[in-house]
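Colleague: Got a structure for you, questions after.
The values are calculated or read from the model by the stated rules, or taken from the named source; none is laboratory data. It should be emphasised that the depicted structure is a prediction, and the values quoted were computed from it without experimental measurement. Every residue, glycine among them, receives a Cβ derived from its backbone with ideal geometry; neighbour counts consider all protein chains shown. Surface accessibility is based on the protein's heavy atoms, side chains included, excluding ligands, DNA and RNA. Shrake-Rupley method; radii C 1.70, N 1.55, O 1.52, S 1.80 Å.
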Amino acid sequence: MEPGRANFRIYQGSIFDQIFRWETATKAYATITNISRSAPCVIQVAAGSEVPPPSWRIRVNNVVGMKEINNLGDDTYYISTNSVLRDITVNEIDSTNFTPYTSGGVLSWNYPRDLSLYASAKLQIRKTTNSSTVELELTSANNEIILDNIDKTIRVIMTSTQTAALNFINAIYNLELTDTNGNNLIFVVGNLTLTKEVVR
């Protein structure tokens, strides 16, 4: 698997809290049975349907009546704010003035990766790839990286004490996962920029 790439700015002396979500290539589908005219909008799917995890990317297509809600183009997504039983709330949509829902529609999303397949995670920051000095190391063993297989998230946390001790302008990082068989996978890489603390 090709690692993902994400660049971040760290504010020295402040908490850094970043959540990653890992989509697979496999699609999930649920038949839509109703869509509210409200703010936020609530999409209801058929009884017994799977629903996406919270804050997951979703698409809505083939809705009759409330055509305004249909995603246009392959790169457009909504974010599911919350899922309760059959109801998926989408906070970014105000459907109050949309045409009333009539029928049809499909909700789709990419299945999340099963994080129970991974036993641990480690993140290292170095000034350069060849640097022998580790500026900061975070691990799942120290609860600085949390693999949450319920919400399907990988959460990385740096405390304000940790970021206060950083001393670079630019650096690089790798986030590596180790599966239950001991195999390592580089999940995401990127550049870090440190904004120095003024209030101290």
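Colleague: Only Cα pairs under 8 Å and at least 6 apart count here; give the relative contact order of the chain as a rounded whole percent.
Modeller: Numbers: 472 pairs, mean separation 59.2, N = 200.
Computed value for the chain: 30 percent relative contact order.
Colleague: I need the semi-axes of the equivalent ellipsoid of region 2-111: take the C-alpha gyration tensor, multiply each eigenvalue by 5, square-root it, list largest first in whole angstrom. Don't jump to the answer; show the numbers that get you there.
Modeller: Numbers: eigenvalues 164, 54, 36 Å².
So the three semi-axes of region 2-111 are 29, 16, 13 Å.
Colleague: Tell me which of TYR11, LEU115, LEU147 sits at the most positive position along the dipole axis of the chain, charges placed on C-beta atoms (Lys, Arg +1; Asp, Glu -1).
Modeller: Of TYR11, LEU115, LEU147, it is TYR11.
Colleague: Set the Förster radius R0 to 22 Å, insert the Cβ-Cβ distance between ALA39 and LEU72 as r into 1/(1 + (r/R0)^6), and round the FRET efficiency to 0.05. Write down the numbers at each step before the final one.
Modeller: On the way: r = 21 Å, r/R0 = 0.94.
So, using R0 = 22 Å, E works out to roughly 0.60.
Colleague: In whole percent, and with a 1.4 Å probe on the protein chains, what portion of the accessible area of region 103-200 is carbon and sulfur?
Modeller: Details: 2460 of 5140 Å².
With neighbouring chains kept in place, the figure for region 103-200 is 48 percent.
Colleague: Mind putting a number on the dipole of region 1-58 about its Cα centre? Charges go on the C-beta only, +1 for Lys and Arg and -1 for Asp and Glu, and I need it in Debye to the nearest 20.
Modeller: 180
Colleague: Taking a spot 7 Å from the Cα of VAL106 along the direction of its beta carbon, which residues of region 28-50 have an amide N less than 19 Å from it?
Modeller: It comes to 28-35, 43-50, nothing else.
Colleague: Keeping all protein chains in the complex and leaving out DNA, RNA and ligands, what accessible area do you get for PHE168 with a 1.4 Å probe, in Å² to the nearest 10?
Modeller: My reading of the accessible area for PHE168 is about 10 Å².
Colleague: Where only protein heavy atoms count, and the probe is 1.4 Å, what is the accessible area per residue for region 24-157 in Å²? Provide the component values of the computation, followed by the final result.
Modeller: Details: 7040 Å² over 134 residues.
Using a 1.4 Å probe on heavy atoms only, each residue of region 24-157 averages 53 Å².
Colleague: Here's something else I'd like to know. Just the accessible area for LYS152, please: 1.4 Å probe, Å², rounded to the nearest 10?
Modeller: 40
Colleague: Working with all protein chains in place, sort TRP109, TRP22 by solvent-accessible area computed with a 1.4 Å probe, largest first.
Modeller: Numbers: TRP109 5, TRP22 35 Å².
The residues order as TRP22, TRP109, largest area first.
Colleague: Right, another one. Given the -39500 (n - 2.57) contribution per DSSP H run of 4+ residues, what per-residue ellipticity at 222 nm results for the chain, rounded to the nearest 500 deg cm²/dmol? If you can, show how the numbers build up before the last one.
Modeller: On the way: 1 runs with 5 residues, N = 200.
Computed mean residue ellipticity for the chain: -500 deg cm²/dmol.
Colleague: Among TYR78, THR128, THR99, whose Cα projects farthest towards the positive end of the dipole of region 53-148, with charges put on the beta-carbon of Lys, Arg (+1) and Asp, Glu (-1)?
Modeller: THR128
Colleague: Another question, then. Tally the DSSP beta bridges in the chain and give the antiparallel ones as a percent, rounded to 5. The partial results should precede the final answer.
Modeller: Values: 55 of 61 bridges.
The antiparallel proportion sits near 90 percent.
Colleague: Counting only residues 5 or more places away or on other chains, whose amide H sits under 5 Å from the amide H of ILE10 once H atoms are built in the peptide plane?
Modeller: Here THR193, LEU194, THR195 satisfy the definition.
Colleague: Another question about this same structure. How big is the gap, in Å, between the Cα center of region 68-94 and the Cα center of region 124-200?
Modeller: After rounding, the separation between the Cα centres reads 31 Å.
Colleague: Keeping all protein chains in position, work out how much accessible area ASP148 exposes to a 1.4 Å probe, and write it in Å² to the nearest 10.
Modeller: Near enough 50 Å² of accessible area.
Colleague: If the convex hull of the alpha-carbon atoms of region 114-200 is projected onto planes in all directions, what is the mean projected area in square nanometres?
Modeller: Working: hull surface 26.2 nm².
Taking a quarter of the hull surface, the average projection is 6.5 nm².
Colleague: Could you give the length gained by full extension between PHE20 and SER160, i.e. 0.36 nm per residue of separation minus their alpha carbon distance, to one decimal place?
Modeller: Values: separation 140, 0.36 × 140 = 50.40 nm, distance 2.01 nm.
Residue separation times 0.36 nm, minus the Cα-Cα distance, leaves 48.4 nm.
Colleague: Given (1) 1.24; (2) 0.95; (3) 1.17 as candidate values of Cα Rg over 2.2 N^0.38 Å, which corresponds to the one derived from the coordinates?
Modeller: (1)
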